[in-house]
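As structure tokens, the structure follows; a few thoughts come after it.
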Ligand code: AMP
Ligand code: MG
């Protein structure tokens, strides 16, 4: 009996061993699904560079992250060359130089951004107007010698601001500006496009987890390798760099901010910033000091952050609520923070300065 009992015990032990081995094998099989993650190495690759007049930082989880980050920078520099008006050469400069005369051939990228810019100019009722170039140039906020133009001069230049004067020829493909002196300025949308293109490059290289920040245009690819959400701070518009009024937790989202703190000069105690109200020719004075848009595409978020900054709280909220899949955070001059309904669970108000009031819904 003892012997038989011992044999039964032995069988039990062998069975247990088999179960343990099978369990280990199966759990290792289920990990196979996560192989791309397993390949990563959890150490991120970080790269900080400069292009499009701003700092660009990338964090990529991948074996060949360095090579991928270089491809991204090459693409961003190409976009800059095509679309900038701050350096000579490039397609948009050619378009502007030929204003009132000829059609100019444009690459697929430039035409796409121009069409998107026109579309957002229309849906924002001209609060975003990509032909605001002559006014932006006159203020010179980006130059070493900014100055306050005369009201007469601004009135003259305002005659040149009208996005409907961009004539697009899809077959060519190309475009023309109707009036002599008109200038397209893609400064409010091109960085958003560049960030979307970066995400495309990450995806082509099978990257599952990365982020890019092009001067406040942030795009998150996937979540973090440990499965947690990315956390993105919303800048306190009146605090020093690195101070926040709250945190957005998200994955696979573009988060883009505009504000009067990003570029400005001061004269006689007045702040003249870089976002122009195309109705007045003056820096926008809508009562907002910061806008943040959360959406799928960074190009949309970029155009909308600039547009809503000009529209102000009420009209800005109305516009965002009309567009599906887009959320916003608005910060007013009287230091109130408003969010759209879709952000209730992903935005955490956290104001170290104790100066802001969280109103949530308007
Ligand atoms: P952002 O930093 O994205 O809000 O864009 C601001 C930049 O867009 C400025 O530096 C100008 O180059 C350009 N810009 C300024 N005002 C407008 C406007 N009302 N509509 C479109 N672009 C603008
Ligand atoms: Mg913008």
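For the reader, a short list of remarks on this structure follows.
- Yes/no for residue 305 being near ligand 1 (Cβ under 9 Å from one of its atoms), at pLDDT 95 or above, touching a strand residue (DSSP E or B) at 6+ places or on another chain (Cβ under 7 Å) and outside the structural domain of residue 162 (by TED's automatic domain parsing): yes
- Exactly one residue out of 141, 148 is touching a strand residue (DSSP E or B) at 6+ places or on another chain (Cβ under 9 Å), within 12 Å of ligand 1 (Cβ to nearest atom) and either part of a loop (DSSP other than H, G, I, E, B) or not assigned by TED's automatic domain parsing to the domain that holds residue 87 (or both), and it is 141.
- In the set (1) surrounded by 24 or more Cβ atoms within 10 Å (Cβ to Cβ); (2) over 20 Å from residue 261 (Cα atoms); (3) within 13 Å of ligand 1 (Cβ to nearest atom), residue 126 fails one condition alone, (1).
The values are calculated or read from the model by the stated rules, or taken from the named source; none is laboratory data. Just so you know, these numbers come straight off a predicted model, no measurement behind them. Counting neighbours? That spans all protein chains shown, and the Cβs are built from the backbone with ideal geometry, glycine included.
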